[in-house]
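Below is one structure; the comments refer to it alone.
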Amino acid sequence: MNLRIGSRLWVGLPALAVLLWACGLLVLRDYPGLPTPPGLTLAGQPLLRCVRDITAMITLGALVVGGLLLPTPSMRVLRWAVAWALAWLVASLALVAFTISDVVAVSPWDALASAVWRPFLVDTVVGRVLLGQLVAVPCVLVLAHLASRRRSRSLVWASVLVAAGACAAPALLGHGGITSEHIGMMVSLAVHLVAVSLWVGGLAVCVALLACEPDHARVLLPRFSLLALWCVIVLAESGLLNASLRMGAASLFVGTLYGSLTLAKAALLAWLIRLGWQQRARVVPLAADGPLAARQLARVAGWELLLMGAAIAIGVALSRIGFESVANPDGNINPIAVLVLALALPLLLQRVLPSRSPGRVLAFLRSFPEVAAIILLVVIVEVAGLHLLGSLLGLEAGVIAGALALIAAGWLWAAAIDGPRRLNGTLLMLVGYPIAAIAVMVIAGTTSEWRLVLVCAVIAEAMLAAVLVGRPSRDTDAADDLEPAHA
Ligand code: HEM
């Protein structure tokens, strides 16, 4: 079993643990008349769900890359698929025990008693979906094994279809009711999960295969790049559709935990699209030189797989939070939304649209980036703490104007530090961001969210530290770090 495949995806586990803690999902809550699941399960169930998702993605990726994208099926990669299908099965079995523990509020060990798991798997919707996966994954394992022995395309297709169905199955575990809206949510999530699994698993396996058989690059890279492009289009559409079916207003996207986590996923996807575009523009053309293309692919994919691990963790946290129809009457802006709108998106915008010929305002701010930093900090406190725009323009218009103000002030700061006095503008943000976050928490009266504020501040500091050690985007293009092609 090649355990190095997609090893960076596992960053999703500690990220998920921190997210669950920050969102208060590891706290045992007593609901009168309802049994409480054990503390171990509160963490164990979502972490196992993340493990199940990653093993499922690598299995599907190995089947598609090794069985369909190569001119002839590769025994090596199909054997990887068999081994990862086994890991998927073990993770699914453990997840069943922890899900029973979570729903029935018994310990995971007691969940193994037949008097508990049999009625759960047969009589409940959640149980039947998990049972479906427990039946499908062994089928994938057997079909992949036979396909690897006989190098048969039709057996590969059969295993890919069953595996894709099993990857989509969690979408059936929707949040309540059989309405057209609910069917829309289920279908869009199912499509989302298959597209994510193909893209993430496919990339991880491509990197591992080309590391040991670089000559496949000539055929594999253009084919996988096209598949990845379609996966990104489909997963963005289906993810946004799913999210908008749950949250019909801008104030819910920026003001609720579920909404702001979805925004964070959209920002991660935007950064992934930028990296994916560099692979397509800079690495795929190198495919004729297998060893070089393999090294370049792995260099950029290292960052892609880290961001994908984080996006998977957020996906699992979303399914754990579940979208309850909450309102956001005060137009609050969640600390995660502030991080995305004030830093993550503007830094990407500055990378994608570096302002090469600045106007007078930007030229002034490049000479005094501290001014841009102060403007951004003031806008953060005003928009997320004081909500003046909301009281002037009304809830939804105020929230949208606030979000745009955060992005604009963030972009102005990112453009201002993209020059000779980068250090000053970044250091001021490093010191000012935590202070602004605490001020917002106190003004908005959201001190109960201190964990989330703390985690967002730590992430912001890490991003600002990366900006500090990085080079101005005007002078660089991330792909510049790549080795020059052999003449
Ligand atoms: C525009 C970007 C995206 C949006 C709007 C989005 C939205 C969503 C939504 C609404 C869910 C359902 C959560 C629930 O069950 O309530 C979901 C699940 C999920 N998403 Fe995304 N997503 C996006 C991008 C991504 C990316 C880039 C990845 C990974 C690379 C990803 C991986 C997942 C996974 C693994 C799940 C299911 C987790 C589970 O239930 O086990 N998503 N996404």
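Taking the stretch 238-282, which residues are free of Cβ contacts under 8 Å to residues at least 24 places away in the same chain, in a helix (DSSP H, G or I) and more than 8 Å from the ligand (Cβ to nearest atom)? S244, W277 - these are the residues of the stretch 238-282 that are free of Cβ contacts under 8 Å to residues at least 24 places away in the same chain, in a helix (DSSP H, G or I) and more than 8 Å from the ligand (Cβ to nearest atom).
Kindly indicate whether any position in the stretch 8-31 is assigned to a loop (DSSP other than H, G, I, E, B), surrounded by 20 or more Cβ atoms within 10 Å (Cβ to Cβ) and in contact with an Asp or Glu (Cβ under 7 Å, 6 or more places away or on another chain). No, the stretch 8-31 contains no residue that is assigned to a loop (DSSP other than H, G, I, E, B), surrounded by 20 or more Cβ atoms within 10 Å (Cβ to Cβ) and in contact with an Asp or Glu (Cβ under 7 Å, 6 or more places away or on another chain). Does the stretch 196-208 contain any residue that is away from the ligand (no atom under 16 Å from the Cβ), under 24 Å from the mean Cα position of the chain (by Cα), in the same structural domain as R52 (by TED's automatic domain parsing) and part of a helix (DSSP H, G or I)? Yes, the stretch 196-208 has at least one match.
For the stretch 319-337, a residue qualifies if it is open to solvent by 10 Å² or more (accessible area, probe 1.4 Å) and in a helix (DSSP H, G or I), and the qualifying residues are S319, R320, I321, P335, I336. Take the conditions (1) open to solvent by 30 Å² or more (accessible area, probe 1.4 Å); (2) among the small types (G, A, S); (3) at pLDDT below 95; A298 misses just one of them, which is (3).
Screening V316 against (1) at pLDDT 95 or above; (2) open to solvent by 40 Å² or more (accessible area, probe 1.4 Å); (3) touching a Pro at 6+ places or on another chain (Cβ under 9 Å) leaves a single unmet condition, (2).
Scanning the stretch 427-435 finds no residues that are at pLDDT below 95, within 29 Å of P14 (Cβ to Cβ) and exposed (fewer than 15 other Cβ atoms within 10 Å of the Cβ). Test G402 against the criterion of being more than 28 Å from the chain's Cα centre (by Cα), surrounded by 15 or more Cβ atoms within 10 Å (Cβ to Cβ) and either not in a helix (DSSP H, G or I) or not assigned by TED's automatic domain parsing to the domain that holds G248 (or both), and give yes or no. Criteria not met by G402.
Being at pLDDT 95 or above and of a type in the set (S, T, N, Q) is a property that T72 lacks.
Taken over the stretch 79-91, the criterion of being surrounded by 24 or more Cβ atoms within 10 Å (Cβ to Cβ) and under 22 Å from V219 (Cβ atoms) is satisfied by W80, A81.
Cβ-Cβ contacts under 8 Å between residues 6 or more apart (or on different chains), taken from a first residue in the stretch 148-165 that is open to solvent by 40 Å² or more (accessible area, probe 1.4 Å) to a second residue that is polar (S, T, N, Q), are listed as R151/T72. Would you check if A288 is among the aliphatic types (A, V, I, L, M) and either within 12 Å of the ligand (Cβ to nearest atom) or not assigned by TED's automatic domain parsing to the domain that holds L19 (or both)? In short, no. Among the residues that make up the stretch 209-220, is at least one of them assigned to a helix (DSSP H, G or I), surrounded by fewer than 16 Cβ atoms within 10 Å (Cβ to Cβ) and within 16 Å of the ligand (Cβ to nearest atom)? No, the stretch 209-220 contains no residue that is assigned to a helix (DSSP H, G or I), surrounded by fewer than 16 Cβ atoms within 10 Å (Cβ to Cβ) and within 16 Å of the ligand (Cβ to nearest atom).
The values are calculated or read from the model by the stated rules, or taken from the named source; none is laboratory data. Nothing here was measured: the structure is a model prediction, and the numbers come from that model. Note that we place each Cβ from the backbone using ideal geometry, even for glycine, and neighbour counts take in every protein chain shown. Surface areas here come from the heavy atoms of the whole protein model, side chains and all, with no ligands, DNA or RNA. Shrake-Rupley method; radii C 1.70, N 1.55, O 1.52, S 1.80 Å.
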